[in-house]
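Here's the structure we're looking at; comments come further down.
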Amino acid sequence: MIISTVLLVDDSRFMRRWLTQILQERGFEIVAEASNGVEALARYNMTKPDLVIMDVAMNKMNGIQALERLMHTHPEAKVIMCSSLGDDFAVRRCLSLGAIKFIRKPYFNDLVQVLEEVALE
């Protein structure tokens, strides 16, 4: 799988900017950003990115709810979930809904490695 376009979903503007910088330095194109699950679903439908990186804890619609809805309408979506609240239940729930990976924050050191692994699958 070749991953070149990414949708970033995180309620922290700082986190989205930081991830954009890291990903762009490695050749990824950030096609859209969202600050909650509602925006994420709309942006996914508009851009159809190769990969979604989505936080769990957000307002309006959290990442687990958004993941469930996204996978219902787009089962082909490739989603990496991330959260500092990565308890075992949340991890199992996200993976059972179709997320391809779950990264616990701070995931700064693991993100590039996970992206490379996902690209090889």
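What the table below lists for this structure:
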quantity: Hits in region 70-83 - residues which are more than 13 Å from A34 (Cβ to Cβ) and either surrounded by 15 or more Cβ atoms within 10 Å (Cβ to Cβ) or among the β-branched types (V, I, T) (or both); calculated: M71, T73, H74, A77, K78, I80, M81, C82, S83
quantity: Hits in region 7-66 (condition: surrounded by 23 or more Cβ atoms within 10 Å (Cβ to Cβ), of a type in the set (G, A, S) and in a strand (DSSP E or B)); calculated: A34
quantity: Given (1) over 19 Å from L115 (Cα atoms); (2) in a loop (DSSP other than H, G, I, E, B); (3) among the charged types (D, E, K, R), number of the condition E76 does not satisfy; calculated: (1)
quantity: So V56, is it within 17 Å of L19 (Cα to Cα), of a type outside the set (D, E, K, R) and touching a residue at least 40 places away in the same chain (Cβ under 8 Å); calculated: no
quantity: Residue check for F89: surrounded by fewer than 16 Cβ atoms within 10 Å (Cβ to Cβ), in contact with a Phe, Trp or Tyr (Cβ under 9 Å, 6 or more places away or on another chain), among the hydrophobic types (A, V, I, L, M, F, W, C) and at pLDDT below 85; calculated: no
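The values are calculated or read from the model by the stated rules, or taken from the named source; none is laboratory data. None of these values were measured; they are calculated from a predicted model. A quick note on method: Cβ atoms are made from the backbone with ideal geometry, for glycine too, and the neighbour counts reach across all protein chains shown.
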